[in-house]
Amino acid sequence: MIISRRVWLALAASAIAVAVVLIVRSRRRPALPAPVRREDAPVRREDAPAEPAASAGPPVDRWPPAPVLGTPTDEDLARYAAAGPPRIPAFLQGGHDRPVREPLDEATRRRLTRWGAAALALCLVAGGGRLVESAVFSKEPELSWGPSQEEVCPTDPSRSQATCLFAELHPGSTMSGPEEPVPGPWAVPDPDCHPPSRVFPVLAPDPKVTRAVDRQWRRIERWLRTHAPRSHRTLAGPADPAAVAAVEARMGRRLPGDLRASLLRHDGAVTTKDTWGFGFLGNTSLSVQETLETWRGLCDVDDEDYGGEESDPRSQWWDGRMLPVGADGSGDHLVVDSVRRDVGDTDHEGSLDFTPGGVRIRSYHALLKAVADALEKGRAIGYWKPEVVGGELEWTVLPSRKGDS
């Protein structure tokens, strides 16, 4: 709920200040009542001889009252004087030399109590929310992307799905079904598409990155509400942070901070029957689940072509370290390099380029800013130009600019 460290420090400082004030106020001693002297009591002079104690009769009020432990004798006083002054810290001596302060009035005490209770309740609510957030988001969700091998082939999990389906359709046949693929040197999978199993805890983006991404999204949203309301309605809500961490674990790599912050604001876009989902440079933005599904599909195709050669991942048509963030519906995708963090695009004809629209875009945040500037100022991003048709945003290609690039 509260992720800002400054807010947490302010709440803690407020709670400590209130507690200190209450403790100090509660330790104030009420003022001692003035000594009461009976008007009929005689005034005794210091040089007057001591009067003998009355043997009987009613008790007589006196001030100051007699000590509870008795009056010290001359021998006691001499022994105390010889021992010297007691070594008692000043804060334990009772502070008799300090003036007695007036006790707080009832209204002030009520106000302090209410403010202290309010501060304590606020700290409890914030701390409880933090605990609930940690308990919920620290658990790895169970994502299912299809039946397991045991569910497909319960009798013999070692056989492939095709073999089990053939045996189920032809129970009387002695054939074992389609021939099992024999791995060879040409069938080496792309290691970037098959990362080791890892567990990534939920990671919140840096607050500065989140503020920068949200600033650009507010510009885009404001423009869409005014000029392209149909496209604005396709923006999805925020992604589940636990789902983002689960997808990162499946792909074996962390998403860049600006991409994660963007997904936590809008988890892609939803295409309706009459409106194409909002996206960048002719693509519809993908949700975090669609990113994983697209990544796995492209990796499956890449495994068929990958020969195990050591080459630059950016020179191939696809590599597992790329993160698909947009799709145009015809097999082309907008991607982010998880290592260099810049934006590129790959097409179904077998090319990967990192100058989408003919220009270089160094990060996902830079893509958001370029789109916001293009929408507000009506200019193009390379050869991609935004236009509004019937309340819907469309990206058109400028042929002359595309030919120049």
Practice item. Being in a loop (DSSP other than H, G, I, E, B) and aromatic (Phe, Trp, Tyr) is the filter here, so list the residues in the stretch 354-372 that pass it. Key: Phe354
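Quick grid of which residues meet (1) part of a helix (DSSP H, G or I); (2) under 60 Å from the mean Cα position of the chain (by Cα); (3) modelled with pLDDT of 80 or more; (4) of a type in the set (A, V, I, L, M):
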position	(1), (2), (3), (4)
Pro58	no, no, no, no
Asp61	no, no, no, no
Ala66	no, no, no, yes
Leu69	no, no, no, yes
Leu77	yes, no, yes, yes
Pro99	no, yes, no, no
Pro103	no, yes, no, no
Ala107	yes, yes, yes, yes
Thr113	yes, yes, yes, no
Review point. Of everything in the stretch 377-389 that's without any contact (Cβ under 8 Å) to a residue 60 or more places away in the chain and open to solvent by 50 Å² or more (accessible area, probe 1.4 Å), which residue is nearest to Gly282 (Cα to Cα)?
Key: Lys385
Point to revise | Near pairs, Cβ below 8 angstrom, 6+ apart or cross-chain, from the stretch 338-353 (within 12 Å of Arg314 (Cβ to Cβ) and without any contact (Cβ under 8 Å) to a residue 60 or more places away in the chain) to any residue that is part of a strand (DSSP E or B) and hydroxyl-bearing (Ser, Thr, Tyr) | key: Leu352/Thr346; Asp353/Thr346
Study note, to complete from the structure: The residue that is most open to solvent (accessible area, probe 1.4 Å), considering only those in the stretch 323-353 that are in contact with a Gly (Cβ under 8 Å, 6 or more places away or on another chain) and assigned to a loop (DSSP other than H, G, I, E, B), is His348
Revision key, fill the gap. Note on the stretch 354-376: residues in contact with a Lys or Arg (Cβ under 9 Å, 6 or more places away or on another chain), farther than 23 Å from Arg218 by Cα and surrounded by fewer than 21 Cβ atoms within 10 Å (Cβ to Cβ) are Phe354, Gly358
Revision key, fill the gap. The residue from Arg296, Arg218, Arg254, Arg250 that alone is out of contact with any Pro (no Cβ under 7 Å at 6 or more places or on another chain), farther than 30 Å from Arg314 by Cα and not aliphatic (A, V, I, L, M) is Arg218
Check your understanding: Looking at this structure, is Asp274 part of a helix (DSSP H, G or I) and either open to solvent by 10 Å² or more (accessible area, probe 1.4 Å) or farther than 21 Å from Arg341 by Cβ (or both)?
Key -> no
Point to revise | For Trp217: the one exception among (1) touching a residue at least 60 places away in the same chain (Cβ under 8 Å); (2) under 16 Å from the mean Cα position of the chain (by Cα); (3) farther than 19 Å from Gly344 by Cα | key: (2)
Exercise for review: Could you identify the single residue in Asp302, Asp319 that is touching a helix residue (DSSP H, G or I) at 6+ places or on another chain (Cβ under 7 Å), over 15 Å from Leu255 (Cα atoms), outside any helix (DSSP H, G or I) and open to solvent by less than 20 Å² (accessible area, probe 1.4 Å)?
Suggested key: Asp319
Point to revise | Top-ranked residue of the stretch 249-258 - restricted to ones that are over 9 Å from Val213 (Cβ atoms) and within 16 Å of the chain's Cα centre (by Cα), ranked as surrounded by the most Cβ atoms within 10 Å (Cβ to Cβ) | key: Leu255
Revision key, fill the gap. Selection from the stretch 232-250 of residues closer than 23 Å to Leu323 by Cβ and assigned to a helix (DSSP H, G or I) yields Pro241, Ala242, Ala243, Val244, Ala245, Ala246, Val247, Glu248, Ala249, Arg250
**Study point:** The lone exception for Leu375 - which of (1) modelled with pLDDT of 95 or more; (2) in a strand (DSSP E or B) it fails
**Key:** (2)
Revision key, fill the gap. Here the residues within the stretch 189-231 that are acidic (Asp, Glu) and crowded, with 19+ Cβ neighbours inside 10 Å are Asp190, Asp192
Check your understanding: Here are some residues: Gly282, Gly297. Which one is open to solvent by 30 Å² or more (accessible area, probe 1.4 Å) and either closer than 20 Å to Ala245 by Cβ or not hydroxyl-bearing (Ser, Thr, Tyr) (or both)?
Key -> Gly297
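The values are calculated or read from the model by the stated rules, or taken from the named source; none is laboratory data. Keep in mind that this is a model prediction, so the values were computed, not measured. Glycine gets a Cβ as well: all are built from the backbone with ideal geometry, and neighbour counts include every protein chain shown. For the accessible areas, the whole protein counts, side chains as well, though only heavy atoms, and no ligand, DNA or RNA atoms are used. Shrake-Rupley method; radii C 1.70, N 1.55, O 1.52, S 1.80 Å.
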